[in-house]
C-alpha cells in the first residue's frame, strides 16, 4: 500500500503508547500485529484498542466515525506469541517497558526470530539507542521512532538515525511516518531526549527554578510566557499535563541544585498528592476556572 | 485618575521601547512627559509617537481609530530639560541606553532633581537593579518595571522588587501596570533576565544546540515544538523575530561551548547578512511561504 515499502507492522508492547502506535498504524490502513508478554496483557491491550476506537470517534479524528475506527480494529491482531508476531513483519516498532535489560533481551530475541528484511524501530524515550543496537544483530536496520502521547492529536514522529543506521532505512521510516498520518521529524544523530524533550527539559527546568527560587508564582510565570510568545500554555500548565513525577525523577538524578528542586517538588506538591491534572491538582486545581 | 495614586508620569528615553512606554501610558489616560538628551533626540521621539499613533490605529488597538490615539499625542509632552521633565512626576520610568555608567549618572541626577514623592522605575533589560539602586538616593522608591517590545500586542509588565523596595511601592506599580492596559507580573526578588527572558534564553539556547550539533534542521525543530506544545512559533521563528545579534551577543559572552555556538551563528548567518526578519532572512527567508 505504501511508498515506504512497509506493509506489515508489528508493535511490541500494548501499554499506553504502544497501543496508540498500533491503533494509529492500523487506522492508517496497515496490517498490524500487537504483541505483549501474556494473554492477560494482550487482553488489556485489546481493551485499550477498543477504547482508542471510541476516543478517535469522540475526538473527531477524520473518518473515525464513518467506520474507519472499526476497520482499524479489524486490521489489528494481538498475540502473546512473539515468534508468530514477528514472523513476516516489515517493521517492528518496539514500545516495551523502559528497562534496559528488558529492551536488550527483547532485541536479542528479535534478532533471531525476525526475518532478515525486518526493520527494528525503538520508541524508547529515555534509554539510548546506542545501548540497544549491539543486541539487534542488524545495526543497519535499527533506528529510533518516537511518538508523543495522544498520537492522534500530537502527531509528530521523530525518526532518529544511529551512526550505524542504513540511510535507506532512515528514508523508509520518514516515509512510513507520513503514511501513518504523522509529521516526520528527521534527527540525524543520536540525541538523548530526542528533539521535543531536549527543548522541553531546559525550558521546564528554568520555570521550576523561578518558582523554587521564590522569584514569582507559577501562574504569573505561565502568564508571561503565554502573552510573550502567544503559546496556549505556560510551563506549569505543561508540567501539570506531563505529571509532576516526571520532573521530580529528572531532578532527583541531577546535580545538587536539581536535587533541591526535587525536594521542593516533593515537599510542596508530591507529598500532598498534587501530581498534576491526573490527580486533580498540581500547580493548579482542576477543573480550572478560566 | 487612578487607584495606584499615580497621575503624572515621566519617561526617560524615547528610543524604540521608551517611546512605546510613553505612548501606551498616554494612550491609557495619563499625563506623560517624555525626556531625551537633546532637541534632536526629542524631535525623533515625537516622530516615533506619531508613528505609534498610526500603528495603534492600523493594528486595531481598541479606541485608537476613534480619536484615542490622537488624544494620547495631545497628552504627551516631550522635552530635553531633565529638571522640568521630572519636577512634578509621580513616577519616572527610565528607559535610557543599556550602559551602566549612563544609567548610574541618570539616577544620580534624578535623586537630586525629582521631588521626594517620585517613584523611580527602571526598564533595564540587561543591567542589574542592584547596580543602580545605590545611585537613586531613594532605595525604597526604586523598582523594576519591564515591558516587551510592541507593548500594545505583548502587554506584560514585569514588576520587580529589590531587597530594598518598599512593599507599598511594589503594590503601587502593580496597580499602575494594570491601569496602562498591561498584565502585571509580580517578581518578588531581583532576577537577571526578568521572567520572560529567564525562560526564553535556556529554551532558545537548547534549540541552537540541536541545530549547531547537527541533530536536526531548524525548520524541523520548530515543527516538533509547534505540534508538541501547540505554540504558534518554534524557537527559530522566535529567534528570527528577536534578531540573531541578540543570541550571538549572549553566546559570545558565555562559556567555551556557548562561544562555539556564537561562531556557528556568525559563520552561517550573521556574516551572510542573515540577521532575522528585519534583514529579510535569518533561519527562514521572508516573506515566508506558508
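Can residue A:223 be described as in a loop (DSSP other than H, G, I, E, B) and surrounded by 15 or more Cβ atoms within 10 Å (Cβ to Cβ)? No; evaluated as a whole, the condition is false for this residue. Looking across the stretch B:251-260, the residues that are more than 14 Å from chain A (Cβ to nearest Cβ) and either assigned to a helix (DSSP H, G or I) or touching a strand residue (DSSP E or B) at 6+ places or on another chain (Cβ under 8 Å) (or both) come down to B:251, B:252, B:256, B:259, B:260. Take the residues in the stretch B:186-199 that are crowded, with 22+ Cβ neighbours inside 10 Å and part of a loop (DSSP other than H, G, I, E, B); name whichever of them is nearest to the other protein chains (Cβ to nearest Cβ). Selected residue: B:195. Are any of the residues in the stretch A:200-213 facing chain B (nearest Cβ under 9 Å) and closer than 23 Å to residue A:21 by Cα? Yes, the stretch A:200-213 has at least one match. For the stretch A:1-18, the tally of residues that are assigned to a helix (DSSP H, G or I) and in contact with a strand residue (DSSP E or B) (Cβ under 7 Å, 6 or more places away or on another chain) stands at 2.
Of all residues in the stretch B:217-240, those that are more than 7 Å from every other protein chain (Cβ to nearest Cβ) and over 26 Å from the mean Cα position of the chain (by Cα) total 3. Evaluated against (1) part of a loop (DSSP other than H, G, I, E, B); (2) on the phi < 0 side of the Ramachandran plot; (3) touching a helix residue (DSSP H, G or I) at 6+ places or on another chain (Cβ under 7 Å), residue B:33 falls short on exactly one condition, (1). When residues in the stretch A:264-279 are screened for being surrounded by 14 or more Cβ atoms within 10 Å (Cβ to Cβ) and in a helix (DSSP H, G or I), 8 of them pass. Right, residue B:60: farther than 30 Å from residue B:162 by Cα and part of a loop (DSSP other than H, G, I, E, B) or not? For residue B:60, the condition - farther than 30 Å from residue B:162 by Cα and part of a loop (DSSP other than H, G, I, E, B) - is met. Assess whether residue B:172 counts as being buried (at least 22 other Cβ atoms within 10 Å of the Cβ), more than 16 Å from the chain's Cα centre (by Cα) and more than 7 Å from chain A (Cβ to nearest Cβ). Taking the combined requirement at face value, the residue satisfies it.
For the stretch A:140-151, the count of residues that are in contact with a helix residue (DSSP H, G or I) (Cβ under 8 Å, 6 or more places away or on another chain), at pLDDT below 95 and at positive phi is at least one.
Among the residues that make up the stretch A:4-12, is at least one of them surrounded by fewer than 24 Cβ atoms within 10 Å (Cβ to Cβ) and within 17 Å of residue A:96 (Cβ to Cβ)? No, the stretch A:4-12 contains no residue that is surrounded by fewer than 24 Cβ atoms within 10 Å (Cβ to Cβ) and within 17 Å of residue A:96 (Cβ to Cβ).
Looking only at the stretch A:226-249, which residues are in a helix (DSSP H, G or I), more than 14 Å from residue A:270 (Cα to Cα) and touching a helix residue (DSSP H, G or I) at 6+ places or on another chain (Cβ under 8 Å)?
Start the filter on the stretch A:226-249 by keeping residues that are in a helix (DSSP H, G or I), which leaves A:226-229, A:235-242, A:245-249.
Then drop every residue that is not more than 14 Å from residue A:270 (Cα to Cα), which leaves A:226-229, A:235-238, A:241.
Selection gives A:228, A:229, A:235, A:236, A:237, A:238, A:241.
It is to be established whether one or more residues within the stretch B:16-31 are closer than 26 Å to residue B:144 by Cβ and at pLDDT below 95. Within the stretch B:16-31, one or more residues are closer than 26 Å to residue B:144 by Cβ and at pLDDT below 95.
The values are calculated or read from the model by the stated rules, or taken from the named source; none is laboratory data. Since the structure is predicted, the reported quantities are computational estimates derived from the model, not experimental observations. Glycine also receives a Cβ, built like all others from the backbone with ideal geometry; neighbour counts cover every protein chain displayed.
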